[in-house]
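Enquirer: Attaching a single structure in structure tokens format; questions to follow.
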Amino acid sequence: PKSVSHAGLVLDKKDVVDAHNEAVKKTMDYVQSLAQARVYNEKGERVKQDTNKLLYASATHSTSRATAGNLPDPSLHTHNVIMNTTQDKDGKFVSLCADKIYQNQSVINKVYKNELANQLKERGYALDFNKKGNFELSGYDKETLDNFSKRKNEIDKQVEQMRTDPKFAGKTEKELRD
């Protein structure tokens, strides 16, 4: 949420950044629970085996991409790069089977948002939720949030232009944004 980025990065509220970091950690714990390997069973058949082990690296960033003629907006986010390896039940490193991770992407996103909300509430922050279940820290008005959403606003303009272009006819909102 933009308000979280603003509070944590512009207002320098360390506890907000800590809430984000803890939410990322708990989310990655969940992602790790989805890890599998493809191994051969006793019959020589290739099967999936739950490993619950990932090797990944995290990099936390503090800005969005710059937009034309503007400085980047504050954007607290973490990239987690998962290596294509896991450890099977015998302790051997084997290729990761990420099927369950891919199948649960929307759940993973919800785990992060839920964890972040819980972490912020535990730290005494009030939250305002919208109809879709997304939230911002209480006390932020739309104008302030929009001011720190230059990249999103740029993407919104591009999507609007694409909607009127016949070559994009029939494309969904998600397809246009991608």
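Enquirer: Could you check the simple spin-label distance between LYS113 and ASN70, using points 7 Å along Cα→Cβ, in nm with one decimal?
Expert: That separation, rounded to one decimal, is 2.2 nm.
Enquirer: How high is the FRET efficiency from GLU42 to ASN80, r the C-beta distance, R0 25 Å, rounded to 0.05?
Expert: It comes out at approximately 0.10.
Enquirer: What FRET efficiency comes out for the pair MET162/LYS132, r = Cβ-Cβ distance, R0 = 30 Å, nearest 0.05? Intermediate results must be reported in sequence, preceding the final value.
Expert: Values: r = 23 Å, r/R0 = 0.76.
With a Förster radius of 30 Å, E is 0.85.
Enquirer: So, one more: May I ask you to give the solvent-accessible area per residue for the stretch 34-86, in square angstrom, as obtained with a 1.4 angstrom probe?
Expert: Ligands and nucleic acids excluded, the figure is 64 Å² per residue.
Enquirer: In Å and on Cα atoms, what radius of gyration and Dmax does the chain show?
Expert: Taking only Cα atoms of the chain, I get Rg and Dmax of 20.1, 63 Å.
Enquirer: Residues with amide H under 5 Å of SER64's amide H, sequence separation 5 or more or different chain, H placed in the peptide plane at 1.01 Å from N; which?
Expert: ASP73, SER75
Enquirer: So how much accessible area does ARG177 have, in Å² to the nearest 10, using a 1.4 Å probe?
Expert: Answer for ARG177: close to 100 Å² accessible.
Enquirer: Please compute the per residue accessible area over the stretch 111-171 with all protein chains in place, 1.4 Å probe, rounded to a whole number of Å².
Expert: 72 Å²
Enquirer: If you don't mind, another one. Taking all protein chains as present, what is the carbon and sulfur share of the accessible area of the chain, in % to the nearest whole number, probe 1.4 Å?
Expert: The nonpolar share, carbon plus sulfur, comes to 50 percent.
Enquirer: Take the alpha-carbon centre of the stretch 57-112, take the same for the stretch 162-178, and report the distance between them in whole Å.
Expert: Between the Cα centres of the stretch 57-112 and the stretch 162-178 lies a distance of 27 Å.
Enquirer: Same structure again: For LYS25, which lysines qualify as cross-link partners when the Cα separation must be under 22 Å and same-chain residues fewer than eight apart are set aside?
Expert: Partners found: LYS2, LYS13, LYS14, LYS53, LYS100, LYS110, LYS113, LYS121.
Enquirer: Report, ordered by chain and residue number, the aspartates and glutamates lying within cross-link reach of LYS174, taken as a straight Cα distance under 17 Å and ignoring same-chain residues fewer than 8 apart.
Expert: GLU154, ASP156, GLU160, ASP165
The values are calculated or read from the model by the stated rules, or taken from the named source; none is laboratory data. Small disclaimer: the values here were computed from a predicted structure and weren't measured. Note: ideal-geometry Cβ built from the backbone for every residue, glycine included; neighbour counts use all protein chains shown. For accessibility, only protein heavy atoms count, side chains too; no ligands or nucleic acids. Shrake-Rupley method; radii C 1.70, N 1.55, O 1.52, S 1.80 Å.
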